[in-house]
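**Q** Take a look at the following structure, please.
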Amino acid sequence: MNRDLKAAVIGASGIGKHHAKWFDRLGCSVEAIAGTSAESVAATGEALSEMFGFDGTGYPSVDEMLGADEYDIISVCSPEHLHYPHFLAAVAQGAHVMCEKPLVFSSWLSSCEMTAQAREMVEAAESAGIVAAVNTQYVAAVDAYRELMSDRGIDPGAPESFFMQMESRGGPEGTDREQIFIDLGSHPLSVLMGFCGSGEMVADSASCVVEQKCVEVEFDYELEAGGVCHAHIVCRNRPEGELVRRFGINEMLIDYEGRNDEEGVYRAYLTHEGEETCAQDFMEKSLECFVSAVRDDSRQPLATVADGLQNLQMQLTLLDIARPA
């Protein structure tokens, strides 16, 4: 395989290992990873070697990695409060950048300050003329949903209502209250945007209820193309039991899960009224679209950093509603 793009991953021990894996499978040469210490980088490098044969270089800091070489594409998978400096550093080097969600988040900053950082990231990418994306990969679920409905001869119609319930196990110490929506909220918001296109949340219509293990939001989304879609989103941390992941428009809902197929390839499985269909893994689709956009300027990422900015603004507005004045 002609590996035409040199890739690097900042923070490859968590979700970043999947970025590295898919970059390799998409024909990129994964040259480097950056972490926080020599020990952690060595452990991550060994894990990646077992996963797909990684034989690149591990660096104990982002500065060392960027100072040692230049890369065509860089994934920013560091903790969310570091997305802003790491993204700007990668753009400054001239790399195309895939950033994990949310685009930025720092608990000690105000919503206005975080929005300003995200806007600076968008402007930096535009000035540099690079491809910049945010990994809100569940946008890919919209096409999978539409294909499933079409195969069954169902036309859900224009989106007038949207529902999504997303549950996760949370971190090793559990995930509570606002952190649930910080971790998960970007995904259902991105799916809403995927169904409805450009638009704006009607702030006066919004509500956000934060409980220990659940965050529930509702609001009207005014479509740029005309019309209003009422959104209802439930994000929950479920430490035990079967996870519920469900979404759809106009009360036509499907359930979905990710698992390996018979050949060991991780795929998305969507179920409607007991009938299951298989689709490309949403994360694979996200990284595939990003790499395709880097290789061919007529292509677009699944979600741009500008999409990530709009997503973040809605997420922060909803969290602000839930916070006491």
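**Q** Only one of Arg267, Arg299, Arg259 is closer than 28 Å to Lys17 by Cβ, touching a Phe, Trp or Tyr at 6+ places or on another chain (Cβ under 8 Å), of a type outside the set (S, T, N, Q) and surrounded by fewer than 19 Cβ atoms within 10 Å (Cβ to Cβ). Can you tell me which?
**A** That would be Arg259, the only listed residue that is closer than 28 Å to Lys17 by Cβ, touching a Phe, Trp or Tyr at 6+ places or on another chain (Cβ under 8 Å), of a type outside the set (S, T, N, Q) and surrounded by fewer than 19 Cβ atoms within 10 Å (Cβ to Cβ).
**Q** Restricting to region 298-316, name every residue that is in contact (Cβ under 8 Å) with a residue 60 or more places away in the chain and not in a helix (DSSP H, G or I).
**A** Residues satisfying the conditions are Pro301, Leu302, Ala303, Thr304.
**Q** Could I ask something else about it? In region 271-313, which residue that is in contact with a strand residue (DSSP E or B) (Cβ under 6 Å, 6 or more places away or on another chain) and of a type in the set (A, V, I, L, M) is farthest from Pro102 (Cα to Cα)?
**A** Checked region 271-313; the qualifying residue farthest from Pro102 (Cα to Cα) is Ala279.
**Q** Being of a type in the set (A, V, I, L, M), assigned by TED's automatic domain parsing to the domain that holds Asp151, more than 20 Å from Phe105 (Cβ to Cβ) and at pLDDT 95 or above: is that true of Met252 here?
**A** Against the criterion (of a type in the set (A, V, I, L, M), assigned by TED's automatic domain parsing to the domain that holds Asp151, more than 20 Å from Phe105 (Cβ to Cβ) and at pLDDT 95 or above), Met252 qualifies.
**Q** Could I ask something else about it? Given Ala144, Ala206, which one is in contact with a helix residue (DSSP H, G or I) (Cβ under 7 Å, 6 or more places away or on another chain) and of a type in the set (Gly, Ala, Ser)?
**A** Details: Ala144 fails: in contact with a helix residue (DSSP H, G or I) (Cβ under 7 Å, 6 or more places away or on another chain).
Result: Ala206 is the single residue among Ala144, Ala206 that is in contact with a helix residue (DSSP H, G or I) (Cβ under 7 Å, 6 or more places away or on another chain) and of a type in the set (Gly, Ala, Ser).
**Q** For region 34-51, how many residues are in contact with a helix residue (DSSP H, G or I) (Cβ under 8 Å, 6 or more places away or on another chain) and not in a helix (DSSP H, G or I)?
**A** Restricting attention to region 34-51, the residues satisfying the condition of being in contact with a helix residue (DSSP H, G or I) (Cβ under 8 Å, 6 or more places away or on another chain) are 34-35, 44, 47-48, 51.
Filter once more, so that each one left must be not in a helix (DSSP H, G or I): 34-35.
Adding up the residues that qualify gives 2.
**Q** Is it the case that Gly241 is at pLDDT below 95 and assigned by TED's automatic domain parsing to the domain that holds Arg152?
**A** Taking the combined requirement at face value, the residue satisfies it.
**Q** Filter region 115-142 down to residues that are touching a strand residue (DSSP E or B) at 6+ places or on another chain (Cβ under 8 Å) and not in a helix (DSSP H, G or I) and give me whichever is surrounded by the fewest Cβ atoms within 10 Å (Cβ to Cβ).
**A** Residue satisfying both the conditions and the ranking: Ile130.
**Q** Report yes if some residue within region 31-45 is surrounded by fewer than 18 Cβ atoms within 10 Å (Cβ to Cβ) and over 27 Å from Gly171 (Cβ atoms); otherwise report no.
**A** No, the conditions are met nowhere in region 31-45.
**Q** Something else: Please pick out the residue among Gly194, Gly185, Gly226, Gly171 that is at pLDDT below 95, small (Gly, Ala, Ser) and in contact with a helix residue (DSSP H, G or I) (Cβ under 9 Å, 6 or more places away or on another chain).
**A** Unique residue meeting the criteria: Gly171.
**Q** Of a type in the set (Asp, Glu), in the same structural domain as Thr271 (by TED's automatic domain parsing) and over 15 Å from the mean Cα position of the chain (by Cα): does that describe Asp143?
**A** Details: of a type in the set (Asp, Glu): yes; in the same structural domain as Thr271 (by TED's automatic domain parsing): yes; over 15 Å from the mean Cα position of the chain (by Cα): yes.
Yes; evaluated as a whole, the condition is true for this residue.
**Q** Now for a separate question. Would you tally the residues in region 143-187 being β-branched (Val, Ile, Thr) and surrounded by fewer than 20 Cβ atoms within 10 Å (Cβ to Cβ)?
**A** Matching residues across region 143-187 total 1.
**Q** Is there any pair with a first residue in region 1-25 that is in contact (Cβ under 8 Å) with a residue 40 or more places away in the chain and closer than 18 Å to Arg295 by Cβ and a second that is of a type in the set (Lys, Arg) and surrounded by fewer than 21 Cβ atoms within 10 Å (Cβ to Cβ) whose Cβ atoms are under 9 Å apart and which are 6 or more apart or on different chains, and what are they?
**A** Asp4/Arg295; Leu5/Arg295
**Q** If I ask for residues that are closer than 22 Å to Asn135 by Cβ and either surrounded by 24 or more Cβ atoms within 10 Å (Cβ to Cβ) or of a type in the set (D, E, K, R) (or both), which ones from region 196-220 would you list?
**A** Val215, Val217
**Q** Next question, about the same structure. Please determine, by comparing only the residues of region 92-105 that are out of contact with any strand residue (DSSP E or B) (no Cβ under 6 Å at 6 or more places or on another chain) and crowded, with 19+ Cβ neighbours inside 10 Å, which one is farthest from Cys289 (Cα to Cα).
**A** Phe105
**Q** Applying the selection to region 226-242, what residues are surrounded by 13 or more Cβ atoms within 10 Å (Cβ to Cβ) and either more than 19 Å from Val210 (Cα to Cα) or more than 22 Å from the chain's Cα centre (by Cα) (or both)?
**A** Selection gives Gly227, Val228, Cys229, His230.
The values are calculated or read from the model by the stated rules, or taken from the named source; none is laboratory data. If you're wondering where the values come from, they're calculated on a predicted model, not measured in any experiment. Neighbour counts are summed over all protein chains in view; Cβ atoms, including those assigned to glycine, are modelled from backbone coordinates with ideal geometry.
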